[in-house]
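Laboratory data are not the source of any read-out in this text; all were calculated from the coordinates shown. Small disclaimer: the values here were computed from a predicted structure and weren't measured. Cβ sites come from the backbone with ideal geometry, for glycine too, and all protein chains shown count toward neighbours.
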Amino acid sequence: MTRADSQIRGLVLDFDGLIVDTEAPIFEIWQAIFARHGQRLGLDEWQHALGTHGGFDPAARLAQLTGHELDAAALERATSEQHWQACRTLPLLPGVARLLDDAERLGLGLAVASSSPRVWVATWLQHHGIRERFAAVCAREDVARVKPAPDLFLLAAARLQLAAVACLVFEDSPNGVRAALAAGMRCVAVPSEVTRPLALPPCDLVLGTLAEISLAEILNRLAASVVGGSHASGAEPACAANDASSLRQASASTEPAR
């Protein structure tokens, strides 16, 4: 079977903000909590929580701002429950289904690599009927270090039985892009509603949505680009954009990466 870029043999997808936009609800939930305490939570601080785990502690920050001792465990339980509820009606993001179809048609391996807990990722993949389309699902519990370390992507490649250079990563966050680059993989950035205003590290291609162009065109652009050099023709340089029941099992220990 002919491929536009024969070097790429597998795709590794992030989950939060790339497959389903689970990032916007949790940010809004915490913003509302801060507002109830007379405080503001901006993206300048929240960005450190995106695509990773432990980069920003909103409960600790709120306690610092208010000068009051807060029940952090209770806050985490409440926000986690709200997050699960808010995500129940979220669809797959535009272009996700077509990307999976195209990858299977081209005979490319598929994996998910997420800094979130396995129960979070697996539950939503199952909810949307796409879990079985991925040969590997790598989550927070599987590695010693989450993104921006490369561990999750390297594990995904190993489980696909592919070299890192044969994998193409799709990511929405700066931390995810950094992890892909650290793993020695090519990377397509597809910023989400939350991550769109953030500056991205240099990557191979930046898209508005996965529905923007086909996988074949993505591979064509990668094949035409200089490996490790300039972006493919037509791709923007990575930069900041303009500002812009069983699923209720959540607890603080199953809180997703933001």
Worksheet item: For the range 63-208, how big is the tail of P(r) above 24 Å, as a whole percent of Cα pairs?
Response: 38 percent
Discussion item. For a quick check: sort C138, C167 by the number of other beta carbons within 10 angstrom, fewest at the front.
Written reply: C138, C167
Worksheet entry | Extension gain, D44 back to E217 (0.36 nm per residue minus Cα-Cα distance, nm) | 58.9 nm
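Any chance you could run the full-extension gain for A163 through A86? It's 0.36 nm times the residue separation minus the Cα-Cα distance, nm to one decimal. Provide the component values of the computation, followed by the final result.
Working: separation 77, 0.36 × 77 = 27.72 nm, distance 3.75 nm.
Once the chain is fully extended between A163 and A86, it gains 24.0 nm.
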Discussion item. Calculate log10 I(q)/I(0) of the range 154-198 for q = 0.14, 0.15, 0.20, 0.23 Å⁻¹, where I(q) comes from the Debye formula with a single equal point scatterer on each Cα and nothing for solvent.
Written reply: -0.33, -0.37, -0.60, -0.73
Worksheet item: In the range 24-82, what GluC sites (Glu not before Pro) fall in a loop by DSSP, with at most 13 other Cβ atoms inside 10 Å?
Response: E69
Worksheet item: Once you sort the root eigenvalues of the Cα gyration tensor of the range 125-189 as a ≥ b ≥ c, which label holds: rounded (a/c under 1.5), prolate (a/b larger than b/c) or oblate (the other case)?
Response: rounded
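Net charge near R133, counting Lys/Arg +1 and Asp/Glu -1 over other residues with Cβ under 13 Å of its Cβ?
Values: positive: R98, R105, R131; negative: D101, D102, E104, E132.
Charge balance near R133 sits at -1.
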